[in-house]
Amino acid sequence: MIFNLRSSILGVIFLKEVFSMRCFFALTVLFFPLLTFAAQVGDSYEKALKAFYEKDYSAAKIHLKNGLKTSPDFLPARILLGKIYFQQEDCLSSEKENEIALNSGGDWSEILPVLIACKIQLNKVDEGLAIIARYSIENQAILLSLKAKLIKEKEQYDQAITLLNQALVINPNFIDAKLTLADIYFRQQKNDQAKTLVQDVISDDDSNIPAQLLLARIYEADAESDLALATYDKLLILDSEHTLSLLGKASLLQKLKRSDEALEIILLLRNKMPDNPFVNLLHATIIGAHTDVDTGQQNETQQILRDLRDQLSTIDEDSIPNNQVDLLKGYVSYLNTQYESAFSHFQAYKLNNQHDTSIYKLLAETELKKRNNKSAYQYYLKYVESEPNDEFAAVRLVSLAREFEPFEEYQKRLESSFRLFPKNNSIRNHLVAVYVAQQRNEEAKKILQENSDISDNYQLDIELAKLLISLNELKQAGIVVSNLIAQYPLNPYSHDVAAELYLKAGNTAKAEVFMQQALTLDPDFTPALLALASIRLNEKNYNAANAFINQIKGNDKKVNQLKAALAIEQGDNTTAMQTLALNYEKYKGVDTASSLIELYLRDHQYTQAASLLAEVYPDNRLNTNILDFKVRLALAVNDIKNADKFTGVLFGLYYNNARLLKRLFLFYSQTENLAKQAQVLEQLKNLDVARDEYLFLVMQYQLNAKQYDNAALSLKKLKQQLGNNISLLEFEYNLLFETKAYAKAEHLISALFHKTGSDKHLKSLIGVLISQEKYREVVTVLEAWIKQYPQDLAAIYLLSSTLEQQNKAAAAITLLEDSLLHVQHSMTHHRLVGLYRNVDDAKALAHAEKAYALSPENYVFSDSYGWLLVLNKEYKQGLYYLRLAQAKNTQSPTIIYHVAYALSKLDRPFEAKDLLDKLLKRNIDFDEKVKAVELLNSMT
């Protein structure tokens with residue numbers, strides 16, 4: 001194994017260290033004005049809150065508006081003002097305040113119920129739906145219910161019922177969902193005639209399989225999916241091998257996005273009927289619809305699956321006509337990426353079904369996969385002749401025709417296709433490029449204008465240039481860009497698009513010249529700042545990247561993505577997680593969720609990882625990244641049962657994919673499931689795997705099975721074939737480490753580290769040193785690394801933790817303080833807070849203030865700063881920052897306890913008791929639970 005260093009570092013120890021008086025006085029100058037400001041704004045809010053509880057809304061509004069004049073970004077005031085406006089039925093004002101709060105990072109669970117109610121009142125249902133669409137609604141009863149309320153206003157009752165049923169599964173006592181559901185049922189009509197007839201049959205013979213099967217389909221058609229599944233289960237009790245029941249249940253599970261359960265059934269059927277094309281086909285379609293692929297491939301797969309459903313609709317499920325077998329086998333081969341086989345089956349089908357011109361489309365797509373573009377072009381010509389209204393095919397043919405048709409003929413095809421499909425962006429873009437090449441710019445801009453909301457001539461030129469750059473038509477783009485700069489030299493967007501052109505051409509230096517020109521015209525020009533920050537980040541010039549990011553006003557999606565990327569590069573996972581969480585709350589998306597989960601797992605924040613996985617998993621049951629996370633999380637918390645469950649799903653997905661099966665082997669290695677490792681090795685025998693790669697996995701299996709002598713022999717054989725490559729040396733290190741030959745392992749990995757300079761090998765070296773309790777050497781190695789890479793915060797934090805473990809907190813403090821000379825980072829200040837706390841409160845407070853000042857969007861830092869102020873008896877000022885933290889995370893028990901404690905010190909016991917009562921009724925564990933109970937008892 002490559003040693004996991006992080007797991008070997010133990011807890012944090014806090015020691016005293018004398019703080020530079022010069023530094024302390026400098027921070028103190030900043031400290032008191034900030035506290036005065038916080039006290040003033042916080043006092044206005046607390047007065048408003050008191051008036052709100054007393055239902056004196058006019059007084060509350062006055063206090064809130066006064067506070068917001070001083071601090072427009074104080075979220076708690078903004079949220080409370082929105083609630084008051086709603087109470088007074090002023091939905092326009094409430095809508096405005098709540099939207100500002102939501103877009104500023106406020107907790108959606110506090111804001112959305114009021115905001116959506118306002119949208120409904122103002123007849124802005126589509127706007128409300130657009131807001132809900134930013135979030136992943138699965139496993140969120142509030143969001144499910146809010147969306148149901150919105151679509152109820154559009155009379156989409158069936159969809160609303162589905163949402164509300166989901167909400168009630170999550171929270172059976174959710175009164176709001178029940179009332180909304182009751183209203184929809186009152187208006188809905190149901191067709192029960194067929195069901196009555198079937199149930200009449202079943203009342204006489206409960207074991208009548210055809211009747212039960214029909215009943216299951218009726219329930220499915222009525223969207224009563226639970227009853228349908230229950231009926232299929234009843235059928236399978238009657239006949240556990242009833243093929244149509246198994247297929248029906250698997251198909252329904254797939255429609256319900258529970259494809260992992262469907263896959264389990266299909267694997268049973270594959271073992272039972274390995275040559276049945278329907279079983280193989282359903283297996284292939286499940287994998288084809290969910291395997292991780294790029295966007296273009298996913299669109300194409302979905303198109304193939306739509307064609308597949310059309311073809312299968314004509315087939316009797318009880319018998320497969322002979323003339324369909326080749327078609328089904330072709331689909332199976334295609335979706336399993338066996339394109340030669342697919343082409344042969346499709347050709348055989350074509351010979352026996354000359355009337356079915358749809359086969360030309362399948363042949364064309366298969367030829368594209370084989371990189372036979374000319375043949376694909378010819379097949380698409382034949383297909384489009386018979387199916388001219390197939391937009392997907394028209395786009396495919398246009399893209400191929402560019403290579404194989406004379407320019408005039410290609411232009412005519414584009415114009416004809418554009419008349420048929422005027423809203424298709426791909427056809428439009430290629431036609432625009434043709435017109436620009438002919439210097440028909442006005443016609444090109446006219447097409448752009450007709451298909452967008454842009455009417456301004458300058459903006460059209462900008463869009464035209466960007467379109468040409470995206471199509472890699474750089475020569476034509478250069479002409480447009482030159483004209484833009486000549487005509488509009490004082491507009492920064494002219495220079496920005498020129499920079500974009502040079503970046504596309506690979507000339508970064510020239511691109512930067514235009515970016516700087518844009519910034520000369522507008523120092524706050526965000527696109528140029530973002531681009532320059534990205535360039536500096538790629539160069540690993542973190543200070544420069546951070547400087548550009550800090551100049552950007554606002555926190556939109558791209559800015560936050562860049563901040564997160566910078567934080568990750570510097571080893572600051574906490575800031576990266578907070579930044580990505582802001583993006584996820586606003587924009588959702590499985591990609592952002594995946595990045596967050598990855599960081600949670602790296603940082604051992606397993607509760608957060610589990611929570612986010614629970615949210616995204618229902619819609620992504622066969623997303624291999626999500627399943628990977630499921631396995632890794634299960635392994636991290638030693639849940640071998642679930643790890644095996646999800647690796648089983650992955651085995652079904654990876655069944656015919658050698659590359660992914662090799663990855664799965666690594667998971668089975670981690671679960672120490674030798675039987676499954678052997679199963680993967682057996683399956684790999686039947687696939688196209690290089691001999692040396694297969695032998696390497698066999699060798700790994702021998703190591704896992706503790707067959708050390710066999711592993712050593714295998715290693716010797718592979719070395720004779722391949723020499724001492726890095727993979728084999730890493731394996732040799734693992735073998736030495738496992739057999740406790742630590743001195744030899746240290747010698748090998750030390751040489752490898754000095755050769756590669758890899759951080760992976762650094763961690764392995766640290767691991768074997770720790771195994772020998774050579775802590776002095778650990779420190780020496782890390783100090784040398786940090787001397788070479790003084791901005792590597794991950795290594796700095798690692799060394800800091802090692803020093804603390806050795807009771808050298810003073811050295812850890814010095815290390816962190818020195819790192820601030822190279823990189824001013826909020827996490828470094830936050831770690832120093834922990835080291836100074838209970839040792840030097842003034843220094844702890846100064847660093848907490850600095851951490852907050854550098855990352856005010858991070859509620860962990862605002863909570864930490866506020867709590868230290870409270871402990872320093874600055875109760876009003878501390879409460880201000882604690883309220884900021886609470887506005888961004890209303891469910892955190894720690895923050896709630898901190899707020900309640902501050903309120904108790906401000907002689908506001910009723911409010912403190914109310915918070916603690918609600919918190920303790922949640923019956924959850926948290927670090928401060930004993931103190932919360934004591935505080936509550938002290939006020940009773």
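Some points to look at:
- Cα-projected label distance for ALA221 with THR940, points at 7 Å along beta-carbon direction, nm: 6.0
- Structure-based [θ]222 nm, the chain - -39500 (n - 2.57) summed over DSSP H runs of at least 4, per residue, nearest 500: -24500 deg cm²/dmol
- Of the cross-linked pairs LYS466/LYS563; LYS147/LYS888; LYS717/LYS740; LYS382/LYS466, those separated by over 27 Å at the C-alpha level are LYS382/LYS466.
- Between GLU241 and GLU340, the FRET efficiency estimated from the beta carbon spacing at R0 = 45 angstrom works out to 0.85.
- Accessible surface of segment 38-252 [probe 1.4 Å, protein heavy atoms]: carbon and sulfur percent: 50
- Label-zone membership for segment 702-716, site ARG691, 7 angstrom Cα→C-beta point, backbone N under 16 Å: 714-716
- Accessible area in square angstrom per residue, segment 473-554, 1.4 angstrom probe: 50
- Remark: segment 38-252 carries 50 Å² of accessible area per residue (probe radius 1.4 Å; ligands, DNA and RNA excluded).
- Carbon + sulfur, % of accessible area of segment 707-812 - ligands and nucleic acids excluded, 1.4 Å: 51
- Partner aspartates and glutamates for LYS361 [C-alpha distance under 20 Å; skip if fewer than 8 residues away on the same chain]: GLU300, ASP307, ASP310, ASP326, GLU340, GLU385, GLU387, ASP390, GLU391, GLU403, GLU405
- Residue by residue, segment 885-901 carries 3J(HN,Hα) couplings of 5, 5, 5, 9, 8, 6, 9, 5, x, 5, 5, 4, 4, 4, 5, 4, 4 Hz when phi is fed to the Karplus relation 6.51 cos²θ - 1.76 cosθ + 1.60 (θ = phi - 60°); x denotes Gly or Pro.
- Close Lys-Lys pairs in segment 473-554, where close means Cα under 22 Å and separation is 8 or more or interchain: 4
- Most positive-pole-ward Cα, ALA433, ASN472, LEU633, against dipole of the chain from beta carbon charges: LEU633
- Residue-span extension gain [GLN159 to GLN438] - 0.36 nm each, minus C-alpha spacing: 95.4 nm
- Projecting the Cα atoms of THR756, ILE265, GLY589 onto the charge dipole of the chain, computed from C-beta unit charges around the Cα centre, puts THR756 farthest toward the positive end.
- Modelled FRET efficiency - R0 60 Å, VAL930 with ILE726, Cβ distances, 0.05 increments: 0.70
- The alpha carbons of segment 473-554 stretch over 36, 25, 18 Å along the principal axes, in descending order.
- ASN103-LEU820 pseudo-label distance in nm [points 7 Å out on the Cα-to-Cβ vector]: 3.6
- The dipole here belongs to the chain: it is taken about the Cα centre, uses +1 on the Cβ of Lys and Arg and -1 on the Cβ of Asp and Glu, and is about 2060 debye.
- Taking the 1.4 Å solvent-accessible surface of segment 600-690 as the whole, the part contributed by carbon and sulfur is 45%.
- Taking 0.36 nm per residue of separation and subtracting the current Cα-Cα distance, fully stretching the chain between LYS504 and LYS423 would add 26.5 nm.
- Against the chain, whose longest principal axis is taken from its Cα atoms, helix 841-854 shows a tilt of about 40°.
- Using alpha carbons only, the radius of gyration of segment 474-620 set against its Kirkwood radius gives Rg/Rh = 1.08.
- Pair LEU713, ALA59: separation of 7 Å Cα→Cβ label points (nm): 9.0
- For the chain, a Kirkwood hydrodynamic radius built from all Cα pairs, placed in the Stokes-Einstein relation at 4 °C and 1.567 mPa s, yields a translational diffusion coefficient of 39 µm²/s.
- C-alpha long axis of helix 759-771 to longest principal axis of the chain, angle in °: 60
- Under 22 Å of direct C-alpha separation, and excluding same-chain neighbours fewer than eight residues apart, LYS152 reaches these lysines: LYS119, LYS124, LYS178, LYS190.
- Tilt relative to the chain, helix 526-538 - C-alpha long axis, 0 to 90 degrees, to 10: 90
- Over segment 395-537, the ratio between the Cα radius of gyration and 2.2 N^0.38 Å evaluates to 1.13.
- Sites PHE407 and GLN354 - FRET efficiency at Förster radius 41 Å, r taken between beta-carbons, to 0.05: 0.75
- Lysine pairs in segment 752-866 whose alpha-carbon atoms fall under 20 angstrom of each other, counting only those eight or more residues apart or on distinct chains, come to 9.
- With 0.36 nm allotted per residue and the present C-alpha distance subtracted, the LYS641-ASP841 stretch has 67.3 nm of extension available.
- Per residue accessible area of segment 754-874, 1.4 Å probe, in Å²: 41
- Lysines with Cα under 19 Å of LYS676, excluding same-chain neighbours fewer than 8 positions away: LYS630, LYS641, LYS645, LYS662, LYS685, LYS706
The values are calculated or read from the model by the stated rules, or taken from the named source; none is laboratory data. In this text, all values refer to a predicted model and were calculated from it rather than measured experimentally. Here Cβ is always computed from backbone atoms with ideal geometry, including for glycine, and neighbour counts include all displayed protein chains. With ligands, DNA and RNA removed, areas are computed over all heavy atoms of the protein, side chains included. Shrake-Rupley method; radii C 1.70, N 1.55, O 1.52, S 1.80 Å.
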